[in-house]
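See structure below.
Please treat every number below as a calculation from the coordinates, not as lab data. What you are looking at is a predicted structure, and each value in this text was computed from that prediction instead of being measured. Don't worry about glycine lacking a Cβ; one is built from the backbone with ideal geometry, like all the others, and counts go over all protein chains shown.
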Amino acid sequence: MIYIGTEIRKILLKKGLSVAWLSLQLSYSRANTYKILGKSSIDTHLLFRISKILDYDFFCVYSSQLPVGEDGRDKISLRSKGI
C-alpha cells in the first residue's frame with residue numbers, strides 16, 4: 001500500500017525543505033500540513049498542487065504500481081478496450 005504522505009515527506013527531505021515551508025506554499029497551518037503528511041491518501045487536486053510546488057510527479061508513485069504486460073503495454077487500458 002502506498003502512503004502518499006510518507007512519499008511527500010521523503011521528497012521534502014530530499015530537497016532539504018521543511019514542513020513549515022510547505023505549509024507556507026499551501027497556505028495551510030503547520031498542523032494541517034502534518035495531518036496531510038500522516039495520511040495514506042489525499043485529494044487529487046491537493047496532490048496536484050503539492051506536485052507543482054515540489055516539482056515532483058507524485059502521481060507516478062501510483063502509476064508505477066499499475067500492472068504492465070510482457071509487451072510493455074498497460075494491461076488495464078487493454079482490458080477496458082476489450083483487447
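Local charge for Leu46 was computed over the other residues whose Cβ lies under 13 Å away, with Lys and Arg +1 and Asp and Glu -1, and equals +3. Other residues lying with their Cβ under 11 Å from the Cβ of Tyr28 contribute a combined charge of +3, Lys and Arg counting +1, Asp and Glu -1. Annotation: extensible slack from Tyr28 through Leu46 equals 5.3 nm (criterion: 0.36 nm per residue apart, minus Cα-Cα distance).
Neighbour counts of other Cβ atoms within 10 Å put Arg30, Arg9 in the fewest-to-most order Arg30, Arg9.
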